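*Asks:* My questions all concern the structure below.
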Amino acid sequence: MTRKPLISGNWKMNLNHFEAIQTVQKLHYLLPKDIFEQIDVSIHPPFTDIRSVQTLIDSEDLDLRVGAQHCHWEDSGAFTGEVAPVFLEKLNVEYVVVGHSERREIFGETDEMVNKKVAAIQQHGMTPIVCCGETLAEREAGETETKVLGQIEAALAGRSNEQIAVLVVAYEPIWAIGTGQTATADDAQSVCHAIRERVRDLTDDATADALRVQYGGSVKAGNAAELMGQPDIDGALVGGASLDPDEFARLIQFSVG
Ligand code: 13P
């Protein structure tokens, strides 16, 4: 089973819409055009940048995919400050990050909310990137798999095999995010493998073999090749290194070998 890798740049709360346009233009210019036959690349800017990025991608027919970092699960209503999945669909957003550890820790996003968002995103024809990951304390207590697999089971509850096969899971150990510390390739592979095997138990071989599992946490150009070379790692969710088009372009190129 060959899975097309997905590299996603999660810009978090960085780069305004002017900076976003420059960054996307430069990134696309730096990447060889045929690389997109081997790899998908999504850009997840802040909400206020998405329309500008989408217009640029559409008007210049760029091969990059538009992504978002978050959304609500309802189509409309009294949810001040929130953004509905249907709004993102109208902006040609293809991938939406769900349950990022920063949303869970800082903004109180629960497994139940993540589950509702996954359903809403798929209902609007977009692909959720479902995040999971353990804290350092959980890792040191030997609870990594319990935590991560519990988050994944909760996120996928109620989804059909067909719906699970097309989504993306991102394993992001919290202690590796923005710290410069990366899980070793063996450790990252081992958790990504455990996720796939749990999905196999919950579904079937075809679903588990189709699922794309990303690794995230201080991925840079210098460590991308080793991480991406692991059999159960099908891409990366990249924070800091995705803000610099030179570094991100190198990271993407090293990811395809
Ligand atoms: P860094 O790549 O900056 O560690 O961030 C990872 C991340 O949280 C991406 O979603």
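The values are calculated or read from the model by the stated rules, or taken from the named source; none is laboratory data. Keep in mind it's a predicted model, so treat the numbers as computed, not measured. As a convention, Cβ positions derive from the backbone with ideal geometry for all residues, glycine included, and neighbour counts pool all protein chains shown.
*Asks:* Under 6 Å between Cβ atoms, at least 6 apart or on separate chains: pull out the pairs that start in the stretch 101-115 with a residue that is within 15 Å of Gln69 (Cα to Cα) and end on any residue that is assigned to a helix (DSSP H, G or I) and within 15 Å of the ligand (Cβ to nearest atom).
*Replies:* As it stands, the answer is Ser101/Ile174; Glu109/Arg103, since those pairs meet every condition given.
*Asks:* Another one. Please verify whether Asn10 is within 26 Å of Ala119 (Cα to Cα) and either surrounded by 12 or more Cβ atoms within 10 Å (Cβ to Cβ) or without any contact (Cβ under 8 Å) to a residue 24 or more places away in the chain (or both), treating the condition exactly as stated.
*Replies:* Answer is yes for this residue.
*Asks:* Looking at (1) within 15 Å of the chain's Cα centre (by Cα); (2) within 16 Å of the ligand (Cβ to nearest atom), which one does Val166 not meet, given that it meets all the others?
*Replies:* (2)
*Asks:* Ok, one more. Between residues in the stretch 136-154 that are hydroxyl-bearing (Ser, Thr, Tyr) and residues that are part of a loop (DSSP other than H, G, I, E, B) and surrounded by 14 or more Cβ atoms within 10 Å (Cβ to Cβ), which pairs lie under 9 Å by C-beta distance while being six or more apart or on different chains?
*Replies:* Between residues of the stretch 136-154 that are hydroxyl-bearing (Ser, Thr, Tyr) and residues that are part of a loop (DSSP other than H, G, I, E, B) and surrounded by 14 or more Cβ atoms within 10 Å (Cβ to Cβ), the close pairs are Thr144/Gly133; Thr144/Glu134; Thr144/Pro173; Thr146/Glu134.
*Asks:* Assess whether Gly257 counts as being surrounded by fewer than 21 Cβ atoms within 10 Å (Cβ to Cβ) and of a type outside the set (Asp, Glu).
*Replies:* Against the criterion (surrounded by fewer than 21 Cβ atoms within 10 Å (Cβ to Cβ) and of a type outside the set (Asp, Glu)), Gly257 qualifies.
*Asks:* OK, next. Check the stretch 198-217 and report whether any residue there is among the charged types (D, E, K, R) and not in a helix (DSSP H, G or I).
*Replies:* The answer is yes; a qualifying residue exists.
*Asks:* Which residue is nearest to the chain's Cα centre (by Cα), if the candidates are limited to the stretch 196-224 and must be within 16 Å of the ligand (Cβ to nearest atom) and among the aliphatic types (A, V, I, L, M)?
*Replies:* The residue in question is Val213.
*Asks:* Before we move on, is Ala120 within 16 Å of Glu94 (Cβ to Cβ) and touching a strand residue (DSSP E or B) at 6+ places or on another chain (Cβ under 7 Å)?
*Replies:* No: the conditions fail for Ala120.
*Asks:* In the set Leu227, Leu243, which member is more than 22 Å from Glu105 (Cβ to Cβ) and within 16 Å of the ligand (Cβ to nearest atom)?
*Replies:* None of the other options fit; the residue is Leu227.
*Asks:* Still on this structure, I have one more. Regarding Asp40, is this residue surrounded by fewer than 17 Cβ atoms within 10 Å (Cβ to Cβ), at pLDDT 95 or above and of a type in the set (Asp, Glu)?
*Replies:* So Asp40 does not fit the description; no.
*Asks:* Within the stretch 175-195, which residues are within 16 Å of the ligand (Cβ to nearest atom) and charged (D, E, K, R)?
*Replies:* Asp187
*Asks:* Another question, if that's okay. So, in the stretch 205-223, how many residues would count as being in contact (Cβ under 8 Å) with a residue 40 or more places away in the chain and either crowded, with 18+ Cβ neighbours inside 10 Å or of a type outside the set (D, E, K, R) (or both)?
*Replies:* Adding up the residues that qualify gives 12.
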